[in-house]
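First the structure, in the form of structure tokens, and then the observations on it.
The values are calculated or read from the model by the stated rules, or taken from the named source; none is laboratory data. Note that this is a predicted model, so its numbers are computed, not measured. All Cβ positions, glycine included, derive from the backbone under ideal geometry; neighbour counts span all protein chains shown. These area figures cover heavy atoms from the full protein model, side chains too; ligands, DNA and RNA do not enter into them. Shrake-Rupley method; radii C 1.70, N 1.55, O 1.52, S 1.80 Å.
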Amino acid sequence: DAEAEPLTLKECAEAAEECLFGRTKAVSLCIGNIDEKGSKEVADLISNHFLKKRPLLEDETPRFRSLRMPNKAEAVQIFGESVGTREVPVVYEDLAHSESEENNAVDLMMQTASSFELGFEGLAIQELIASMAYNSAFNQLRTKEQLGYIVAAVVRKSTGGGNGLHVIVQSSSTLPPALEERCLRWVEQFRKELEEMPVSRFAMEAAAVKANL
């Protein structure tokens, strides 16, 4: 019982030390105003200060059992009928309070499937779509609409092992609901771009992705 037997200051320090300096696994995503050299410096800083013990192996890394987020029908069953009218059925909001913090952000996840379900061909197609999506999203949301300094469209693996295309926007001038709306409208635009794209352009983009693998 935490109320009956609260942790002492020493026990809190020991728990924090174990979490920060025990066996861990670090995964980082460096985007925005940082280059390759800066990214490596961040990785070295984390490695030198927090990964002093043997890192957790892949099989030792804790995972959630769920491989995917609920679809709209499942979300209605879980959260109620009100989510059925939303374009994005599952929304997680987090408020970070700081007098100096002026930014808002949105991370829109479009779920695909697990790597096993996608297979090599599916994973390759996913990377191809993400490569084209990045340039399109940056051009529309950053250059044209100037929503924020950080705009990206990338493939990321969820904690449970699923995959998804994430559209990420950080803005100091636009609130999250408006950012979400603009991301959704870009998705519609990007779909039209793909439908109208000539085969030769697909081949060129695929060759570029292959060269970077």
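Scanning region 91-134 for residues that are among the polar types (S, T, N, Q) and in contact with a helix residue (DSSP H, G or I) (Cβ under 9 Å, 6 or more places away or on another chain) turns up 104, 112, 115, 126, 131. Residues in region 115-149 that are hydroxyl-bearing (Ser, Thr, Tyr) and surrounded by fewer than 15 Cβ atoms within 10 Å (Cβ to Cβ): 143, 149. For residue 157, indicate whether it is of a type in the set (D, E, K, R) and at pLDDT 90 or above. Taking the combined requirement at face value, the residue does not satisfy it.
Note on region 194-213: residues that are of a type outside the set (A, V, I, L, M, F, W, C) and over 19 Å from residue 155 (Cα atoms) amount to 5. Where residues in region 94-114 are open to solvent by 80 Å² or more (accessible area, probe 1.4 Å) and either charged (D, E, K, R) or not in a loop (DSSP other than H, G, I, E, B) (or both), which of them is modelled with the lowest pLDDT? Per the stated criteria, the residue is 99. Can you confirm whether region 156-168 contains a residue that is touching a His at 6+ places or on another chain (Cβ under 7 Å) and not aromatic (Phe, Trp, Tyr)? For region 156-168, residues touching a His at 6+ places or on another chain (Cβ under 7 Å) and not aromatic (Phe, Trp, Tyr): present.
Residue 171 falls short on exactly one of the conditions (1) without any contact (Cβ under 8 Å) to a residue 60 or more places away in the chain; (2) crowded, with 18+ Cβ neighbours inside 10 Å, and that condition is (1). The requirement of being without any contact (Cβ under 8 Å) to a residue 40 or more places away in the chain and open to solvent by 40 Å² or more (accessible area, probe 1.4 Å) is not satisfied by residue 180. Keeping to region 1-45, report how many residues are surrounded by 10 or more Cβ atoms within 10 Å (Cβ to Cβ), of a type outside the set (Val, Ile, Thr) and part of a helix (DSSP H, G or I). Adding up the residues that qualify gives 18.
If only residues of region 79-93 that are hydrophobic (A, V, I, L, M, F, W, C) and in a loop (DSSP other than H, G, I, E, B) are counted, the one that is most open to solvent (accessible area, probe 1.4 Å) is 91.
For region 161-179, give me each residue that is of a type in the set (A, V, I, L, M, F, W, C) and outside any loop (DSSP other than H, G, I, E, B). 165, 167, 168, 169, 178, 179, listed by residue number.
How do the pairs read when you match residues in region 26-45 that are in contact (Cβ under 8 Å) with a residue 24 or more places away in the chain with residues anywhere that are among the hydrophobic types (A, V, I, L, M, F, W, C), using Cβ under 7 Å and keeping only pairs 6 or more apart or on different chains? Every condition considered, the pairs that remain are 26/46; 26/50; 26/51; 31/150; 31/152; 32/150. Here is the figure for region 150-164: residues that are open to solvent by 20 Å² or more (accessible area, probe 1.4 Å) and either within 15 Å of residue 136 (Cα to Cα) or without any contact (Cβ under 8 Å) to a residue 40 or more places away in the chain (or both) total 3.
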